Amino acid sequence: MMYTPPLPELLERWIQGWCLTRGIVSERAANGRLVHVCAETRVAEYFVVSPTGEELDQVAKLANGRTDVWVTVLGCLPKAQPDGLADVTYDERMMMTEMGSRTPPDGIEVKSSHLVASAAAKVNGDTAARGQVAVTGSDAVFDRIGTEYAFRRQGFAGRIMIGLEHWAVSQGAETGLLMASAEGRPLYDSLGWREIAPLKTFRGHRSK
């Protein structure tokens, strides 16, 4: 059985790789970590691990009235619906795997720059699926794995994952980490990934 480090350590390792894949930065804040996401969906995101009710309320106040500020809780929630926050995601999981040598699949183009790689599968010139990964130490953090609607259920996302894993292992990675949506979990299950902890994301909302 693969050793599972404590959740705070795993979150730190995942954030390090996630920031690397997206070219963003993080800092310690509010009993957790603040990531300056600078995306269309949000400008910032707070991450906390199994907070107490008081700790969660503290972070919620930082997002109060800000729909562009998100709060992600890894692990157990002290209450189902924190005050001042609205749901963004549901039924997500942190997942982990022990990576090995896989044969790179045909038809997957992998491009890399330093410790970050992106992969794409194309059909008649159209991008069917894509994804990216960053290697930090012995970890490979996978991000933005997705398949265009017209090409779903044809195995493209699995090939993207295998292509990225092959590259990551060649860079010295041994452990894979990712945050999986409910829709994506069956794919990762089929590739041997295992669930580590529940994940829930909220955002601030303006009072009516």
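If the label point is 7 Å along Cα→Cβ of Arg194, which residues in segment 1-42 have backbone nitrogen under 15 Å from it? Inside the label zone: 1-7.
If eta is 1.306 mPa s and T is 10 °C, what Stokes-Einstein diffusion coefficient results for the chain, Kirkwood Rh from Cα pairs, in µm²/s? Please report the intermediate quantities before stating the final value.
Values: Rh = 17.8 Å.
After rounding, the answer is 89 µm²/s.
Between Thr97, Thr136, Thr41, the residue with the greatest mean-square fluctuation in the GNM of the chain (Cα pairs under 10 Å linked by springs) is Thr41. With a Förster radius of 35 Å applied to the beta-carbon distance between Cys38 and Tyr149, the computed FRET efficiency rounds to 0.80. Relative to the dominant Cα principal axis of the chain, helix 156-170 is inclined by about 90°. Taking one quarter of the surface of the C-alpha convex hull of segment 125-186 gives a mean projected area of 4.5 nm². Under the combined filter of DSSP loop state and at most 10 neighbouring Cβ atoms within 10 Å, segment 103-147 retains none of its trypsin sites (Lys or Arg not before Pro).
Computed in the context of the full set of protein chains, the accessible area of the chain at 1.4 Å probe radius has 48% of its extent on carbon or sulfur. For segment 45-155, averaging the sequence separation of C-alpha pairs within contact (under 8 Å, six or more residues apart) and dividing by the residue count gives a relative contact order of 15 percent. Considering helices alone, the calculated mean residue ellipticity of the chain at 222 nm is -7000 deg cm²/dmol, with DSSP H runs of length four and up weighted by -39500 (n - 2.57) and normalised per residue.
The values are calculated or read from the model by the stated rules, or taken from the named source; none is laboratory data. The structure presented is a predicted model; accordingly, all values stated were derived computationally and were not measured. Cβ: placed from backbone, ideal geometry, glycine included. Neighbour counts: every protein chain shown. Just so you know, the surface numbers come from the protein's heavy atoms only, side chains and all, with ligands and any DNA or RNA stripped out. Shrake-Rupley method; radii C 1.70, N 1.55, O 1.52, S 1.80 Å.
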